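Here you go, one structure.
The values are calculated or read from the model by the stated rules, or taken from the named source; none is laboratory data. Predicted model only: the values in this text are computed from it and were never measured. With ideal geometry, Cβ positions are generated from the backbone for all residues, glycine too; neighbour counts draw on all protein chains shown.
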Amino acid sequence: MKSAVIKIKAPGLRPSELWEAAWEYASRTNPRTADDGEEERFWQEYAPHYDERSPLAALAGELMEDVCSLLDKKDRLLEVGAGTGAFTKRLAPRVGHVTIVEPSRSMYAQLLASWPQAMPLPEAILAKWEDAPVHPGQADVLFSANAVYRIRDMKRCLQRMDMAAARRVILVQSVGRPYANPLALDADGQSMEKERADAISDILHELGIPHVYKAFPVKRKEGVVHDVALIHWRTRR
């Protein structure tokens, strides 16, 4: 079941155009949105505490069972936005090879520092997803969790994901503040919001990509329960 959201009413805008309009709005109020330097300065301070403050991979047990059921031991996995590697560590034993795309040197340093010696270190592409050198069918499965918040052209982002995965794309997206800020617009004096998970689903519909959308309740350490969306689809290769 999809989450309850406040719908952005933007007549004439396709879902992908709505996403970009919200990005433009955010770029005027949050310097991290468009400035890579500001983004990295944030992670330099936050990265050492990320796994303690944002332990989603450890808490989303039921969701991860569904994710792992979509994997095969021989899979080549491409993870976009691996961060400190919390999800990577859970996925790596389930597949044959892992490549990560990670733009933050600070987050990647934490991944290296905490990576289990008994597991092969993932191949790393240190770049933004928009700039990463990928080719059709580079991986069997592409996985990404909460990593698209700075993407301006979400339509192209999803098309690249679909292109890079030979079999399946799997996206995980937290729902609701404070764990995930929704898309926001201020139009005609009214503030409007839309959950990113729902916006991603809408853009997939715009692209004509059939997909599964399932919400999982996740209990945080603070006792707060919120939804995390699992969105996945079989690619058309």
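Considering each of ALA197, ALA139 in turn, give the residue that is under 24 Å from TYR25 (Cα atoms) and buried (at least 18 other Cβ atoms within 10 Å of the Cβ).
Working: ALA139 fails: under 24 Å from TYR25 (Cα atoms).
Checking each option against the conditions leaves just ALA197.
Let me confirm something: among ALA180, ALA164, which residue is hydrophobic (A, V, I, L, M, F, W, C), surrounded by 14 or more Cβ atoms within 10 Å (Cβ to Cβ) and under 13 Å from the mean Cα position of the chain (by Cα)?
From the options ALA180, ALA164, the qualifying one is ALA180.
If you don't mind, there's one more thing I want to ask. Take the residues of the range 103-124 that are closer than 20 Å to VAL148 by Cβ and of a type in the set (A, V, I, L, M, F, W, C): which is surrounded by the fewest Cβ atoms within 10 Å (Cβ to Cβ)?
Among them, the one singled out is ALA124.
Right, another one. Scan GLY81, GLY96, GLY61, GLY12 and give me the residue that is of a type outside the set (S, T, N, Q) and under 17 Å from the mean Cα position of the chain (by Cα).
When all the criteria are applied, what remains is GLY81.
Can you say whether ARG150 is under 22 Å from THR84 (Cα atoms), over 17 Å from the mean Cα position of the chain (by Cα) and in contact (Cβ under 8 Å) with a residue 40 or more places away in the chain, as far as the supplied structure shows?
Considered against the rule, which asks whether it is under 22 Å from THR84 (Cα atoms), over 17 Å from the mean Cα position of the chain (by Cα) and in contact (Cβ under 8 Å) with a residue 40 or more places away in the chain, ARG150 comes out as no.
Would you call ARG90 touching a residue at least 12 places away in the same chain (Cβ under 8 Å), more than 17 Å from TYR108 (Cα to Cα) and among the charged types (D, E, K, R)? Step through it out loud before you land on a result.
On the way: touching a residue at least 12 places away in the same chain (Cβ under 8 Å): yes; more than 17 Å from TYR108 (Cα to Cα): no; among the charged types (D, E, K, R): yes.
So ARG90 fails the test.
Continuing with the same structure: Would you check which residues across the range 167-177 are buried (at least 17 other Cβ atoms within 10 Å of the Cβ) and of a type outside the set (A, V, I, L, M, F, W, C) and list them?
Those that are buried (at least 17 other Cβ atoms within 10 Å of the Cβ) and of a type outside the set (A, V, I, L, M, F, W, C): ARG167, ARG168, GLN173, SER174, GLY176.
Shifting gears a bit: Mind checking which helices (runs of 4 or more DSSP H) fall wholly inside the range 1-113 and carry at least 2 residues that are hydroxyl-bearing (Ser, Thr, Tyr)?
Numbers: elements: 15-27, 36-46, 50-53, 56-59, 61-69, 86-91.
Because the criterion is at least 2 residues that are hydroxyl-bearing (Ser, Thr, Tyr), the helices (runs of 4 or more DSSP H) in the range 1-113 that meet it are 15-27.
Is it the case, given these coordinates, that HIS205 is touching a residue at least 40 places away in the same chain (Cβ under 8 Å) and surrounded by fewer than 19 Cβ atoms within 10 Å (Cβ to Cβ)? Even if it seems obvious, please write down each step before you answer.
On the way: touching a residue at least 40 places away in the same chain (Cβ under 8 Å): yes; surrounded by fewer than 19 Cβ atoms within 10 Å (Cβ to Cβ): yes.
Here the answer is yes, as HIS205 does meet what is asked.
Among the strands (runs of 3 or more DSSP E) lying completely within the range 124-234, list those that include at least 3 residues that are modelled with pLDDT of 95 or more.
139-145, 165-174, 212-219, 225-234
Let me ask something else. Can you find even one residue in the range 50-65 that is farther than 24 Å from ALA180 by Cα and surrounded by fewer than 21 Cβ atoms within 10 Å (Cβ to Cβ)?
Checking the range 50-65: not a single residue is farther than 24 Å from ALA180 by Cα and surrounded by fewer than 21 Cβ atoms within 10 Å (Cβ to Cβ).
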